[in-house]
């Protein structure tokens, strides 16, 4: 019965203000130790500030983009479903997911939430194919052998060597 604009005004939101959720992800604890996650968050905060978005939540993950059961990603869904944000901001499209980004985009939009990718630098199809191949091999090897096993490290080293020779 009460217009949405009035509710937002009552809650202290400015008319037309975009409520943003920042989603940042790195693949390993090593990348986090190197400060990659914090730099990613800072770049996204600066981006949101420049666009006039109000950051209502920062969600992070340290996991593979192939892992669909990431804690941060799972935290994002209720926010979307409850319409507690207007936009989800990610630095690169593969930060949110390695595959199926269009499905997530449609899901967000079905709940009135936009997805904004800050850096949409186009990669060559060979580079993208190699990255996807490496991600798939690493993901399955980690599941089969465990990330700490000797077999996993051998596979990882072999894949890295092959990929470095392709460049």
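The values are calculated or read from the model by the stated rules, or taken from the named source; none is laboratory data. Here the structure is a predicted model, which is why all the values come from computation and not from measurement. Using ideal geometry, Cβ is built from the backbone for each residue, glycine included, and neighbour counts are taken over all protein chains shown.
Return the residues of the range 14-64 that are in contact with a helix residue (DSSP H, G or I) (Cβ under 7 Å, 6 or more places away or on another chain) and exposed (fewer than 13 other Cβ atoms within 10 Å of the Cβ); say none if nothing qualifies.
Within the range 14-64, 15 is the sole residue that qualifies.
Take the residues in the range 1-13 that are surrounded by 10 or more Cβ atoms within 10 Å (Cβ to Cβ) and either touching a helix residue (DSSP H, G or I) at 6+ places or on another chain (Cβ under 8 Å) or within 16 Å of residue 84 (Cβ to Cβ) (or both); name whichever of them is modelled with the highest pLDDT.
Of everything passing the filter in the range 1-13, 7 is modelled with the highest pLDDT.
Just checking, does the range 28-46 include any residue being without any contact (Cβ under 8 Å) to a residue 60 or more places away in the chain, under 13 Å from the mean Cα position of the chain (by Cα) and closer than 25 Å to residue 110 by Cα?
No, every residue in the range 28-46 fails to be without any contact (Cβ under 8 Å) to a residue 60 or more places away in the chain, under 13 Å from the mean Cα position of the chain (by Cα) and closer than 25 Å to residue 110 by Cα.
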